[in-house]
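See structure below.
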Amino acid sequence: GRLAGARARRASPGSSASFASAGSHATMGDLETLIAETQKTLGAIIQKPKLTDALLKKPPFRFLHDIVSEVKRVTGFPSSDVLTDFDMDSGNFKDKESKVAYHTKVIGAVTAATGALQVKPLKIVAGLEPENTNMLLQGLAKAASGGGAAAAPPPRKAPPADRKSTRLNSSHGS
């Protein structure tokens, strides 16, 4: 009797195996949707490099660098005070640290123009979290096409304490 019970449990349709595949499939579906969106938004701005599914699923540094460089060439975003001539030469980025620094600049520029992103430069360089990398590329497209806020550097926010003391001083004088 014990064997029959084990066999029945293994064959049950609602087994955890089907849950696992459904869960991983959803993530893949999300990535495919994001890739299609990246191809649509970024593809409207640049013709090269070719935004293939395979490259967008695990974008190598050179591919991302080429995308950013081409967007900058076509639109002027990110500005030259963000990405210098040095940054425009992919040959200058040999080690992980320099690649992380480069992506940090790009993320900073896109975030300043479009709002916060959930992307970490180290994950991009490691080839992890391609969903977030695709979100970054879509943000780049949005910022470059003027869809974000100003492409200027973000205004320095005064800490709330300063604002309060300013308000107190001005009302105190009247």
- Message: Take the conditions polar (S, T, N, Q) and open to solvent by less than 40 Å² (accessible area, probe 1.4 Å) and apply them to residue 90. Does it pass?
- Response: yes
- Given the conditions (1) open to solvent by 80 Å² or more (accessible area, probe 1.4 Å); (2) without any contact (Cβ under 8 Å) to a residue 60 or more places away in the chain, report the number of the one that residue 58 does not fulfil. (2)
- Message: Looking at (1) farther than 29 Å from residue 29 by Cα; (2) part of a helix (DSSP H, G or I), which one does residue 77 not meet, given that it meets all the others?
- Response: (2)
- Message: Take residue 149 and tell me if it is small (Gly, Ala, Ser), more than 18 Å from residue 72 (Cβ to Cβ), open to solvent by 50 Å² or more (accessible area, probe 1.4 Å) and at pLDDT 70 or above.
- Response: no
- Note on the structure: Residues in segment 60-118 that are closer than 17 Å to residue 41 by Cα and among the charged types (D, E, K, R) total 4
- Please tell me if residue 51 is modelled with pLDDT under 95, within 17 Å of residue 145 (Cβ to Cβ) and either surrounded by 13 or more Cβ atoms within 10 Å (Cβ to Cβ) or not hydroxyl-bearing (Ser, Thr, Tyr) (or both). no
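The values are calculated or read from the model by the stated rules, or taken from the named source; none is laboratory data. Keep in mind it's a predicted model, so treat the numbers as computed, not measured. So basically every Cβ, Gly included, is an ideal-geometry build from the backbone, and we count neighbours across all protein chains shown. These accessible areas exclude ligands, DNA and RNA; they are computed on the full protein's heavy atoms, side chains included. Shrake-Rupley method; radii C 1.70, N 1.55, O 1.52, S 1.80 Å.
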